[in-house]
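The values are calculated or read from the model by the stated rules, or taken from the named source; none is laboratory data. Since the model is a prediction, treat every value here as computed from it, not as a measurement. Neighbour counts are summed over all protein chains in view; Cβ atoms, including those assigned to glycine, are modelled from backbone coordinates with ideal geometry. To get the accessible areas, we keep the full protein, side chains included, count just its heavy atoms, and leave off ligands, DNA and RNA. Shrake-Rupley method; radii C 1.70, N 1.55, O 1.52, S 1.80 Å.
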Amino acid sequence: MKKPSVSLNTITGVRVGRLAKYLDAYITLLTKQGYSAVSTRTQIRLIAKFNQWLQWKHAELYDLDEIVIERFLQSRQKASGTRRGDTAALRRFLHMLRQQGVARQPKRTPLCPQRRITTKYGRYLIEGRGLSQATVVNYVPFIDRFLSERFRRVPLNLSQLRASDLTGFVQRHAHKLGVTRAQLLVSALRSFLRYLRYQGKVRTDLAACVPTVARWSFATLPKFLPAGAIQRVLDHVDQQTAVGRRNYAILLLLARLGLRSCEIVALNLEDIDWENARITIRSKGGRLSQLPLSADVGRAVAQYLRHGRPRSHCRRVFIRDRAPRVGFANSIAISTLVMRALQNARVASARKGAHLFRHSLATNMIRQGASLEEIGELLRHQSPNTTALYAKVDLPALRPLALPWPGGAR
């Protein structure tokens, strides 16, 4: 891979000091991660200043850590000010030094009992249950809050948990949340209590004591966009740019295959079987499934890979357009992309997340005569009850079932 055109000889103070011999390795690292020559030069100048400051302080390289970096940045702020990204650059450099064994590894601060429990619980969800990081992000804050409230004034002792603790917590917080978030709260509590029983921390099945949040089955219609609105969103994507080609391919995967945002984030280059026109999807719970790769979706992805995807060592199909050139960190990036695409196309919608395209695909399929079984197979639903939600939007099929209005039609 070609190195950025950065001449170390033109940067004052970079060839002397304890950090000098590690700068070439850092430039190589920045190149691999997709940083431009301008960004690389800016970071090297910063490290040169840091290098001089370390010499003035007579600091040992092995003792370099986050605290030393913070002290340097504070002194720089008082003298000439800092730039956005200075902290990230120095920490990236420190991480490289630690990988090479030059700087010592960070000291691990002992976790408090509560944090130790929630950390182990989060690890269990991923390693023991095969759930996604998104589940951990959704569940753990609820558990943190529950434990903080229950053991605010007393030492943490899980054997003291009672049913009244659970009902009281739900009663205090569920009414402040929407129905979906409230259901997520009780799901998190039940999951955590089952984990505690599995670990032998509690003997009673407290999960059964968690109250249920009422939500009538099929009480609401799925939010969706008509096929014409979906096509308008696609038509407004600028495919003349690299980012536009990436976004267009992502939107087509959402619109044609009904992928979840987390499934798009996790998509790897080897998941696409070009010869057989199939794509492997990593679904919820670590399940793998295959879907046919339609011609328009395959063409859009191929265009991005050939003429839009930046060079990167990362195996993810879709890469950030800014350095570091790696895959998306989480599903939020996909939802943000969808929201901006809706705004650009001036398409109004009550829902603006990536799931809107999944609902729209199912709704438009059933209106075109597809069966619930076909929709469930495409969307990879584990339960037929999940797919049955879309039966409500099949108005022609439901109209004969409606009872006549008393006194005649109005």
* Using the Cα atoms as the points, what is the convex hull volume per residue of the chain in Å³? -> 225
* **Highest average packing first - 239-247, 200-208, Cβ atoms within 10 Å** => 239-247, 200-208
* the chain - accessible surface per residue (Å², probe 1.4 Å) -> 59
* Amide H neighbours of residue 268 under 5 Å, counting only residues 5+ apart in sequence or on other chains, H built in-plane at 1.01 Å? -> 317
* **Ranked by how many other beta carbons lie within 10 Å on average, peptides 342-351, 311-320 from highest** => 311-320, 342-351
* Once every Cα of region 123-175 carries one equal point scatterer and solvent is ignored, give the base-10 log of I(q)/I(0) from the Debye formula at q = 0.23, 0.24, 0.28 Å⁻¹, two decimals. => -0.96, -0.98, -1.05
* Asked: Label points 7 Å out from Cα along the Cβ direction at residue 268 and residue 152: separation in nm?
  -> 4.7
* Asked: If R0 is 60 Å, what FRET efficiency do you get for residue 278 and residue 112 from their C-beta distance, rounded to 0.05?
  -> 0.80
* Rounded to the nearest 0.05, what FRET efficiency do residue 348 and residue 303 have when you use their Cβ-Cβ distance and R0 = 41 Å? -> 0.90
* To do: May I ask you to compute the full-extension gain from residue 24 to residue 65, defined as 0.36 nm times their residue separation minus their alpha-carbon distance, rounded to one decimal in nm?
  => 12.7 nm
* **Whole-number D in µm²/s for region 139-293 (Stokes-Einstein; Kirkwood sum over Cα pairs; 10 °C, 1.306 mPa s)** => 81
* Binned Cα-Cα distances of region 61-150, short to long, each 5 Å bin given as a whole percent -> 3, 11, 15, 12, 10, 15, 16, 11, 5, 1, 0
* Structure fact -> With 0.36 nm assigned to each residue of separation and the Cα-Cα distance removed, residue 98 to residue 290 gains 65.1 nm
* Sulfur and carbon atoms: percent of accessible area, the chain [1.4 Å] -> 51
* Asked: Label 7 Å along Cα→Cβ of residue 16; region 61-101 residues with amide nitrogen under 18 Å?
  -> 61
* Where does region 219-371 land on Rg(C-alpha)/(2.2 N^0.38 Å)? -> 1.01
* Asked: Suppose every K and R has +1 on its Cβ and every D and E has -1 on its Cβ; what is the size of the dipole of the chain about the Cα centre, in Debye to the nearest 20?
  -> 1320
* To do: Report, to the nearest 10°, how far helix 113-123 tilts away from the longest principal axis of the Cα atoms in the chain, using its own Cα long axis and a range of 0 to 90°.
  => 70
* Contour excess over end-to-end distance, with Cα ends at residue 84 and residue 329 and 0.36 nm allotted per residue -> 86.2 nm
* Measuring from centroid to centroid over Cα atoms, what is the spacing of region 82-114 and region 294-333 in Å? -> 29
* Using a simple spin-label model with points 7 Å from Cα along the Cα→Cβ vector, what separation in nm is obtained for residue 159 and residue 176? -> 3.2
* Asked: Under a GNM of the chain (C-alpha, springs under 10 Å), which listed residue has the highest mean-square fluctuation: 129, 92, 71?
  -> 71
* Whole-Hz Karplus ³J(HN,Hα) for region 144-156, in order, using 6.51 cos²θ - 1.76 cosθ + 1.60 and θ = phi - 60°, x for Gly and Pro? -> 4, 5, 4, 5, 5, 6, 5, 10, 5, 10, 10, x, 5
* **Using alpha-carbon coordinates, inclination of helix 86-99 to the longest axis of the chain, degrees** => 80
* **Selection from 125, 288, 324 lying farthest towards where the dipole of the chain points positive, charges on Cβ** => 324
